[in-house]
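See structure below.
Values quoted throughout were computed directly from the atomic coordinates according to the rules given, and no laboratory measurement underlies them. Owing to the predicted nature of the structure, the values given are computational and were not obtained by experimental measurement. With ideal geometry, Cβ positions are generated from the backbone for all residues, glycine too; neighbour counts draw on all protein chains shown.
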Amino acid sequence: MKGMILAAGEGRRLRPLTNNKPKALVEIKGVSLLEILIKKFIQFEITDIVINTCYLANQIEEFLTKHKNFGINIQLSKEDVLLDTGGGIKQAGKLLGQEEDILVHNVDIISNIDFNKLSDFHQASNGIASLAVSHRQGSRYFLFNEQKHLCGWTNVSTKEEKISKSDGILHKIAFSGIQIISPKLFQYMPSEKVFSLVDLYLHVCKYEKIMAYEHNASDWYDVGKIQDIEFIKQNVMF
């Protein structure tokens with residue numbers, strides 16, 4: 001299995017920490033988010049990784065050079081403008097290849113999710129993608145049926161709802177920014193360069209199985225705000 005780290009964003013919610021550094025290089029206990037995640041990939045024997053970059057991309061390149069790519073194969077997919085999550089994966093496709101499943105992970109997520117168990121679930125489900133999700137409070141949710149198949153999406157704050165297929169009772173579960181995708185997903189990529197992975201999934205789930213992999217919400221942390229960093233410093237071992 002190959003890996004992809006989504007690290008192109010500006011990290012606006014982490015300002016002023018990201019005024020002069022990319023979100024990926026924000027540190028917790030002296031260790032950058034990018035290093036935490038790369039080392040977790042290595043722990044699970046994922047040693048072929050693509051990282052997409054845009055905002056202050058040169059700093060990420062210099063960081064990896066300094067650390068000699070942590071002894072593994074790391075390639076950068078450089079975006080001149082932000083391509084959003086779906087567009088970022090599409091552009092990185094030529095580096096990722098079409099042979100192996102790909103673990104795609106937001107750089108600003110820290111978790112204790114077992115990648116091997118997620119991979120086993122993905123293989124057993126025979127879906128085109130397996131999305132790590134958990135039951136936690138938020139505003140945006142994917143909607144899954146009783147068989148854990150993706151059917152839609154909703155924003156409970158704005159009351160917006162997108163239903164791709166009606167299939168019984170639908171359950172709101174929050175996406176965790178971690179997923180395994182099969183190479184077949186690239187066949188469904190739109191012609192546009194900039195697009196959301198969420199929109200892609202909502203289209204693809206009409207034709208393919210996109211599965212919910214449920215994990216414990218207490219094992220997952222979104223490093224979205226400075227307050228989150230302070231909480232993780234005090235309460236999380238990594």
- request: Would you mind ranking ILE36, ILE102 by Cβ crowding within 10 Å, fewest neighbours first?
  value: ILE36, ILE102
message: Within 10 Å, at most 15 other Cβ atoms, and a DSSP state outside H, G, I, E, B define an exposed site. Report the longest part of the chain free of exposed GluC sites (Glu not before Pro).
response: 46-98
Rg in Å to one decimal, and Dmax rounded to a whole Å, for the stretch 20-114 via C-alpha atoms: 12.9, 38
field: Considering only the chain, percent of DSSP beta bridges that pair antiparallel, nearest 5
entry: 55 percent
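Could you tell me which of the pairs LYS40/LYS68; LYS40/LYS233; LYS68/LYS193; LYS39/LYS184; LYS2/LYS78 are separated by over 23 angstrom between their Cα atoms in the structure shown? Before the final figure, lay out the partial values.
Numbers: LYS40/LYS68 17 Å; LYS40/LYS233 18 Å; LYS68/LYS193 31 Å; LYS39/LYS184 28 Å; LYS2/LYS78 18 Å.
LYS68/LYS193; LYS39/LYS184, as the Cα separations exceed 23 Å there.
What is the fewest-to-most order of LYS39, LYS23 by other Cβ atoms lying within 10 Å of their Cβ?
Going from least to most buried by this count: LYS39, LYS23.
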- request: Compute the normalised compactness of the stretch 113-192: alpha-carbon radius of gyration over 2.2 N^0.38 Å, N being the residue count.
  value: 1.16
field: Nonlocal amide H pairs with GLY138, under 5 Å, H built at 1.01 Å
entry: none
- prompt: In which sequence would ASP108, ASP101 go, from the one with the fewest C-beta neighbours within 10 Å to the one with the most?
  reply: ASP101, ASP108
- request: Using every Cα-Cα pair within the chain, state what percent have a distance larger than 30 Å.
  value: 21 percent
query: Among GLY71, CYS151, GLY30, which residue has its Cα positioned farthest towards the positive end of the charge dipole of the stretch 2-235, with +1 placed on the Cβ of Lys and Arg, -1 on the Cβ of Asp and Glu, and the dipole taken about the Cα centre?
result: GLY30
